[in-house]
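Here's the structure we're looking at; comments come further down.
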Amino acid sequence: MKRLLLPVLLLMSLLTLNARAIELKVSAAALERTLKEQLFNAPDARYYLRGDRNSACYVYIDQATVSFQDDRVVVHVSTHSRLGAGVFGKCVGVGFNTMADVSVVPQAEGESIGFRDARVDRFTGNKELDFLLVPFLQRKLPASMKLNAAELLRAALAKSKDSTGYNVALDSLKVHSMLVTKDRLTVDLDGSLHVD
């Protein structure tokens, strides 16, 4: 098997000299996992906009899901809040448990898959809660979904020697464009590899 692998890898490297374009397909589940690892990484898998798990009054978001619709990436979150004033360790006010949606357009950013044009597609219906939530949905959430494709590929190739007997490494990567298809984010990029 290893004898056959070297000629195949050499042939692939020769072919990539002329045609260096690569198409990478990213699932909604992969973007969702990235978002949860970068933003919802507390032990309770919540992101607090106000207060914390010990506060009487709070606003937090959890249960983020990612899907694709038309040319946009849609993030759906559950919001939980207890708005009011803290009195003797209790929140005197009203509680809301609602949903909110934000959608973004994917954008190439060098080695990274980024997002722009954040648009809140579904508000919570509460003005005070939306006042806290909208900046988070339009700025923090899209920034937390950003993926560095080069880092991912380098990490995947890091153990290539163990599995193939050859060190395969990524030299360079540039993301050119992205397009949301039915169930994937299709990323067109150029890159170069070397084999030792």
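The values are calculated or read from the model by the stated rules, or taken from the named source; none is laboratory data. Note that the coordinates shown come from a computational prediction; the quantities given were computed from them, not determined experimentally. Note that we place each Cβ from the backbone using ideal geometry, even for glycine, and neighbour counts take in every protein chain shown. Side chains included, ligands, DNA and RNA excluded: accessible areas come from the protein's heavy atoms. Shrake-Rupley method; radii C 1.70, N 1.55, O 1.52, S 1.80 Å.
Overview of results
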| item | result |
| --- | --- |
| Candidate set: the stretch 103-136, residues that are among the basic types (Lys, Arg) and under 22 Å from Tyr60 (Cβ atoms); chosen: the one modelled with the highest pLDDT | Arg122 |
| Qualifying residue in the stretch 90-101 (condition: open to solvent by 20 Å² or more (accessible area, probe 1.4 Å) and within 30 Å of Lys25 (Cβ to Cβ)) | yes |
| Residue that is most open to solvent (accessible area, probe 1.4 Å), among those in the stretch 19-46 that are within 18 Å of Val59 (Cβ to Cβ) and either in contact with an Asp or Glu (Cβ under 7 Å, 6 or more places away or on another chain) or assigned to a helix (DSSP H, G or I) (or both) | Arg46 |
| Matching residues in the stretch 31-59 - criterion: being closer than 16 Å to Ala149 by Cα and either more than 17 Å from the chain's Cα centre (by Cα) or free of Cβ contacts under 8 Å to residues at least 12 places away in the same chain (or both) | Arg33, Glu37 |
| Qualifying positions in the stretch 129-152 - of a type outside the set (A, V, I, L, M, F, W, C) and farther than 21 Å from Asp188 by Cα | Asp130, Pro135, Gln138, Arg139, Lys140, Ser144 |
| The stretch 140-165 residues that are closer than 17 Å to Lys36 by Cβ, paired with ones that are exposed (fewer than 13 other Cβ atoms within 10 Å of the Cβ) and aromatic (Phe, Trp, Tyr) (beta carbon under 9 Å, 6 or more apart) | none |
| In the stretch 71-89, residue least open to solvent (accessible area, probe 1.4 Å) [restricted to those that are touching a residue at least 24 places away in the same chain (Cβ under 8 Å) and in a loop (DSSP other than H, G, I, E, B)] | Gly89 |
| Filter pass, Phe68 being within 23 Å of Arg122 (Cβ to Cβ), of a type in the set (Phe, Trp, Tyr), in contact (Cβ under 8 Å) with a residue 12 or more places away in the chain and open to solvent by less than 50 Å² (accessible area, probe 1.4 Å) | yes |
| Enumerated strands (runs of 3 or more DSSP E) restricted to the stretch 106-196, each holding at least 2 residues that are surrounded by fewer than 17 Cβ atoms within 10 Å (Cβ to Cβ), at negative phi and among the hydrophobic types (A, V, I, L, M, F, W, C) | 168-180 |
| Hits in the stretch 47-65 - residues which are part of a strand (DSSP E or B) and either modelled with pLDDT under 90 or surrounded by fewer than 18 Cβ atoms within 10 Å (Cβ to Cβ) (or both) | Tyr48, Leu49, Arg50, Asp62, Gln63, Thr65 |
